[in-house]
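S.K.: I have a structure I would like to understand better, so I am pasting it below and will then ask my questions one at a time.
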Amino acid sequence: MSYVLTDSAALFGRHLTHFKRLPQQLISVTLMPIMFVFLFGYLFGSSMVVPDGKYLDYIMAGILAQMMLANAINTGVGVADDLNNGLVDRFRSLPMTQFSVLLGRTAADLVLNIIALLFMVLVGLLMGWRPHGSALSTIGGVALLLLLGYTMTWLGCLIGLTLRHPQVINSVAMAVTMPLAFLSAGFFPINNLPGWVSAIASWNPVSAIVTGVRELWGNPVGYGDDPSWPLRHPVPVSLITLIVLLLIIVPLATRAYRSAAAKTT
Amino acid sequence: MEYAISVEGLRKRYGEREVLSGVSLSVAAGSVFGLLGPNGAGKTTIVRTLATLLDIEEGKATVAGFDVARQGAEVRKRIGLTGQYAAVDARLTGRENLVLLGTLAHLGRQRARQRAEELLEVFDLQEAANRLVGTYSGGMRRRLDLGASLIAEPEVIFLDEPTTGLDLISRTALWNMVRTQAEAGVTVLLTTQYLEEADQLADRVAVIDQGQVMAEGTPTELKNKVGGERLEITVETAELAQRALVPLAAVGVAAPIVDSTGLRISVALDAGTGGIADAATGLQRAGIAVADFSVRRPSLDDVFLQLTGHRTEDTTVAAAGRTER
Ligand SMILES: Nc1ncnc2c1ncn2[C@@H]1O[C@H](COP(=O)(O)OP(=O)(O)OP(=O)(O)O)[C@@H](O)[C@H]1O
Ligand SMILES: [Mg+2]
């Protein structure tokens, strides 16, 4: 049983070595978010109005949530890479615990996410964003984002193992995460949206997550007078949604790992 | 006899296509067994099945005394796999690759490090040990890959086309490594498309085509299957070649074959010895001047041609190499 830990630790070390060798990876993860903070926070910020607060304070949670969603792409491509270059075959022929292959990778991606989030928080602070909650609830907001990121790395594993081809993984992961990010309260207050779009957006889990993060950070929530049910209880709703998603995706990804390795490339 | 690998009636299908149609094999412990077959014959499928990577749909296989289908974990403790394509992490150094795989093989940190050093030395990778594998040449990668499959000192190793894409020097080096393993008592199952490789390395060979074992035996046994020695003569003109067919047909056990140049004729002789002298006399009587007259043992090329009805890809190269010697 303890082999799960030592095997995962060994593979975790492998991925951390990759990060160390290629620190530019941090830039590729944070480049888009930095652009977004700059464009939305500064340039469009003046013409965007949110109830009770600054647009920059509002948008930070949305930008960081989108960064977490993008994990699906990176992890998916990485997993497919191991599959296509035969490493998964080698792992499968070893007496190791196979679950560790995905566990080690998602744990390493979690570390990358922590670093990337801290970096982005710094960028945000430099640009004028401020959390107004307690230190603990600010950390709680970061933790909620990390849980989203962790769920998305597992989704990435599932997508990568099922689709195998980097290009296809890229476009499918985009097609899944883009609507999640933009058809939500991530970038604009949703009550400005037309009726049915607004209804979809208010039930999009990403809306609950960003609203939860805003609440924890004491940033403007921007939902006006009559928020939908998920937005009235954003933190419990997001926690439950993400945990349920993990409980579904992790077994699916584990199964995909087994059957993917059984196919020849 | 003790078998390290035994396979009985193994079948595998992908959709409609049956890629293994009842393969049976027995490999004695400590021997080198060659699976010889052309592209798509099913070699990789057999190796991946035995290495527990593919599910067994029909048939039975045991490796190192354990049932592949039901005791996969036990099998994995005792095998090493070098797949058809080098499976190493290009973004780690050679040493890091070996230590990682040693750790995953549950050798323990200390032993994994020690084992990595040993293998780096054996496979002549000490100088490159701290370089990223991405910068390695194909031959170095292959050596590292082979080293990786030996990390846990397995009882049985599977090598899927280990020398494809290697130059002559690397190939010879790899052959020596395989021999060393066999001398140390390791059972080696290797696949190859090169007849010469099977001939050189394997104690026993199975010729595979379209998912079936066409023949099995020692290289010598297989060669004997296609009759005795082969007489090959070369003449100056195509016209002479045609005339030479008559006396040669008289001494051969099968019809003489003229090759694509139209100048070289080969004919299988009876196992007895008189054939050569008879052929020489016959040609002389017919007044045919022979530029080159040689006798050779049948090669695995001939076996392959006879058993499968088609030649292997490298036949022309191998045959050309042989006549030059
Ligand atoms: N995942 C798969 N789906 C469908 N067909 C497959 C799959 N894997 C292998 N095959 C088919 O099975 C047959 C046997 O393949 P295999 O890789 O075992 O051959 P091989 O003898 O190793 O060939 P090569 O010398 O080219 O490596 C081939 O016709 C191949 O196309
Ligand atoms: Mg093959």
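No lab work stands behind these numbers, since they all come straight from the coordinates. What you see is a predicted model, and the numbers here were worked out from it, not measured in a lab. Positions of Cβ are backbone-derived with ideal geometry, glycine not excepted, and every protein chain shown enters the neighbour counts.
S.K.: If eta is 1.567 mPa s and T is 4 °C, what Stokes-Einstein diffusion coefficient results for the protein assembly as shown, Kirkwood Rh from Cα pairs, in µm²/s?
M.R.: 46 µm²/s
S.K.: Something else now. What full-extension length gain, to one decimal in nm, is calculated for A:Leu5 and A:Phe44 as 0.36 nm per residue of separation minus the Cα-Cα distance?
M.R.: Full-extension gain reported as 9.3 nm.
S.K.: Scan chain A and note any complete DSSP helix (H) whose C-alpha atoms cover at least 27 Å along its axis and whose Kyte-Doolittle average is 0.5 or more.
M.R.: A:99-127, A:135-163, A:234-261
S.K.: I would also like to ask the following. Can you compute the FRET efficiency between A:Leu16 and A:Leu126 using 1/(1 + (r/R0)^6), with r the Cβ-Cβ distance and R0 = 25 Å? Round to the nearest 0.05.
M.R.: Working from the Cβ atoms, E equals 0.35.
S.K.: Pull up the DSSP beta bridges for chain B and report the antiparallel fraction as a percent, rounded to 5.
M.R.: So the antiparallel bridges amount to about 65 percent of the total.
S.K.: Any idea how far apart A:Asp225 and B:Ala280 come out in nm if each label point goes 7 Å out from Cα toward Cβ?
M.R.: 11.7 nm
S.K.: How far apart, in nanometres, would the label points at B:Asp203 and A:Leu146 be if each is projected 7 angstrom from Cα along the Cα-to-Cβ direction?
M.R.: 5.6 nm
S.K.: Still on this structure: On a 0 to 90° scale, report how tilted helix B:138-149 is relative to the longest principal axis of chain B, with both axes built from alpha carbons and the result rounded to the nearest 10.
M.R.: Helix B:138-149 sits roughly 60 degrees off the main axis of chain B.
S.K.: Something else: Under the Kirkwood approximation applied to all pairs of distinct alpha-carbon atoms, what is the hydrodynamic radius of the range A:183-241 in Å?
M.R.: Result for the range A:183-241 stands at 11.0 Å.
S.K.: For labels at B:Asn176 and A:Leu239 in the simple 7 Å Cα→Cβ model, what's the distance in nm?
M.R.: Taking the two extended label points, one gets 6.6 nm.
S.K.: Going by Cα centres, the range A:147-217 and the range B:9-65 are how many Å apart?
M.R.: When both Cα centres are located, 45 Å separates them.
S.K.: Then there's this: Say a site is exposed when it is one of the GluC sites (Glu not before Pro), sits in a DSSP loop, and has at most 13 other Cβ atoms within 10 Å; what is then the longest site-free stretch of chain B?
M.R.: B:128-235
S.K.: To the nearest whole number, what is the average tally of beta carbon atoms from other chains within 10 Å of the beta carbons of peptide A:8-16?
M.R.: That average works out to 3.
S.K.: Quote the charge dipole size of the protein assembly as shown about the Cα centre in Debye, to the nearest 20; the model charges only the Cβ of Lys and Arg (+1) and of Asp and Glu (-1).
M.R.: The dipole magnitude comes to about 1340 debye.
S.K.: Under the definition of Cα pairs under 8 Å and six or more residues apart, what whole-number percent is the relative contact order of chain B?
M.R.: 18 percent
S.K.: Further question: Working out 0.36 nm times the residue gap between A:Arg232 and A:Val111, then minus their Cα-Cα distance, what length gain in nm do you get to one decimal?
M.R.: That pair, A:Arg232 and A:Val111, stretches by 40.5 nm at full extension.
S.K.: Here is a follow-up. Where the eigenvalues come from the Cα gyration tensor of chain B, what are the semi-axes √(5λ) of the equivalent ellipsoid, largest first, in whole Å?
M.R.: Semi-axes (√(5λ), whole Å): 44, 23, 16.
S.K.: Could you tell me what fraction of 2.2 N^0.38 Å the Cα radius of gyration of the range A:2-263 comes to, as a two-decimal ratio?
M.R.: That works out to 1.04 for the range A:2-263.
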